Each structure stands twice: as C-alpha cells, then as structure tokens.
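So the structure is just underneath, and the comments pick up after that.
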Amino acid sequence: FAQANSEHCRHKIFNAEWIIDGARQEHSLFAMIRETHRRSPQGTVVAYADNACVIEGAAVPRFVPGPDGRYRQRTELTHILAKV
C-alpha cells in the first residue's frame, strides 16, 4: 500500500496546487515540467509515460540471429530508455 500511495506512483506533490510569493500558480509543477517538453520536443520519442521516457538514439551495431540460427552483425537504430 505504501508504494502504491507513494509520491513516485501518484505524484501528489508534483500535481498539487502551488502558491509562490502569495500568488496561486496556474499550473502544477508537473505541468510546468511537461511544458518544457512541449516547447522543445526534439530528440524525444516518448515522454512522461509510466514514469519513463524514450530518447532518440543512434544507429549501432548489434548481433542478431539469422534464419540459420547463426548470429550476424546488423546496424539498427537503438533508442535509449530511462525508467524511474
């Protein structure tokens, strides 16, 4: 129950209403963070999905099995996953 009700899972603090210098803020902290991505999304494949993101990667050599069961090197686009 503690984990399901934690900040990590529910974002209670980041989705709370905020008052800064006596002025109620229009957006939550989480909305402000998301706004940075909205303004500058380049390089992002997936953002803010289940406490994770996928960042554009690069073409990298990988070993993959061929139809005959033997491994071969093949260059593939490989993105970067970040999960918290």
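The values are calculated or read from the model by the stated rules, or taken from the named source; none is laboratory data. This one's a predicted model, so the numbers in the text were calculated from it and none came from an experiment. Glycine gets a Cβ as well: all are built from the backbone with ideal geometry, and neighbour counts include every protein chain shown.
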* **Residues of the range 13-58 satisfying the condition of being over 12 Å from the mean Cα position of the chain (by Cα), modelled with pLDDT of 90 or more and of a type in the set (S, T, Y)** => S40
* **Candidates R70, R62 - the one that is loosely packed, with under 10 Cβ neighbours inside 10 Å, at pLDDT 90 or above and either of a type in the set (F, W, Y) or on the phi < 0 side of the Ramachandran plot (or both)** => R70
* Structure fact -> Per the filter on the range 40-67, residues in a loop (DSSP other than H, G, I, E, B) and among the charged types (D, E, K, R) are D50
